[in-house]
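Structure first, then comments.
The values are calculated or read from the model by the stated rules, or taken from the named source; none is laboratory data. What you see is a predicted model, and the numbers here were worked out from it, not measured in a lab. In this analysis, Cβ positions are derived from the backbone assuming ideal geometry, glycine residues included, and neighbour counts consider all displayed protein chains. The area values use the complete protein model at the heavy-atom level, side chains included, leaving out ligands, DNA and RNA. Shrake-Rupley method; radii C 1.70, N 1.55, O 1.52, S 1.80 Å.
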Amino acid sequence: MQEIRAQLSEDLTAATTDQDIEAVRVRYLGRKGAITLLRKNADFSAMSGAERKRFGQQFNELKRFAEQQIAAAQARQTSTALAPPSIDMTLPGLNNHLGHLHPISLVQMELEEIFQSLGFMILDGYHVETDFYNFESLNIPRDHPARDMQDTYWLKNGLLLRTHTSANQVRALEHYGAPVRAIFPGRCFRNEAIDPSHENTFYQLEGLMVDREISVANLIAVMRTVLAAIFHREVTVRLRPGYFPFVEPGFELDIQCLICAGEGCSTCKKSGWIELLPCGLVHPRVLEFGQVDPDRYSGFAFGLGLTRLAMMKYNIPDIRLLNSGDLRFCEQFPAAV
Ligand code: PHE
């Protein structure tokens, strides 16, 4: 047994490949291996009980030794096979390519969070709308000149592609009644010639708040809160009169230029102000169309151009980049999480 043990150790040291080790295993532990035969050929009848016991113990110990040594040799072999040369720590890691969020999605998600914190619902509408919700119920009757302000894509069946998210105002009033607080982000369509600042497909985010005694002061307060959250600083706003048939009074809300703080620069075209969004108090006719009593309730609405805001926020020089589908464009914005 001593000899076998010594020989085994020597054979294993000499074994350099998987096959060598396997050959050693067969030579010692195989069906006709030296260790196996040791037991097969032992003449137990010639042994006393104590001898038999000693033989058994020594045999088991030898067998366990052989198994362990062979297993260790195999393990050494696999670890050297995989060892350092296959791991080059200086190579760059595998790149898990995540998609990127579109700048409009980024701005929309940010605004949704802000408005939700102010108790606004986020509602969705239809890209294909009826004349009633897009125009009629917004106090824009059939031959009203305001229809010309928005070049509409009419469908053959008399429906249209919504020209603004205001089409959701009366839908929301009908569905939820008053009081209501909601925003409607989404895609709008106008038949415009496309150039660096005009698209036929763009995004707006409409806001509507109707409750008891809502005034222009509420409109200004909500807008200032939201704008401070988007631009990460206090903003100065001003209202100029603006005309939209569905608000009365109607305004254009400007913010003081964030680049020059009102001094006048190229961004604000030397005026110190940047036109940001149209808004106003909901016209009583619109409330009536939505089955809300204008003697009990009032509200404000605004129409924020998401496309324009994204362009402002990320300094995007050409509106056509937004719908280009060019991944080199999107890859410049934060990755999706
Ligand atoms: N829907 C108007 C537009 O797209 C904007 C607007 C919304 C104006 C809400 C006033 C109130 O031009």
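Data table
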quantity	calculated
Test: residue in region 60-68 that is open to solvent by 30 Å² or more (accessible area, probe 1.4 Å) and either under 15 Å from PHE184 (Cβ atoms) or assigned by TED's automatic domain parsing to the domain that holds GLY305 (or both)	no
Sole residue being within 14 Å of the ligand (Cβ to nearest atom), of a type outside the set (S, T, N, Q) and more than 15 Å from ALA301 (Cβ to Cβ), chosen from GLU192, GLU136	GLU192
Condition met for ILE183 (of a type outside the set (Phe, Trp, Tyr), within 12 Å of the ligand (Cβ to nearest atom), in a loop (DSSP other than H, G, I, E, B) and in contact (Cβ under 8 Å) with a residue 12 or more places away in the chain)	no
Test for PHE202: is it open to solvent by 10 Å² or more (accessible area, probe 1.4 Å), within 15 Å of the ligand (Cβ to nearest atom), within 28 Å of GLY177 (Cβ to Cβ) and of a type in the set (A, V, I, L, M, F, W, C)	no
Conditions (1) within 18 Å of GLU129 (Cβ to Cβ); (2) more than 13 Å from the ligand (Cβ to nearest atom); (3) assigned to a loop (DSSP other than H, G, I, E, B); (4) not basic (Lys, Arg): number failed by ASP143	(1)
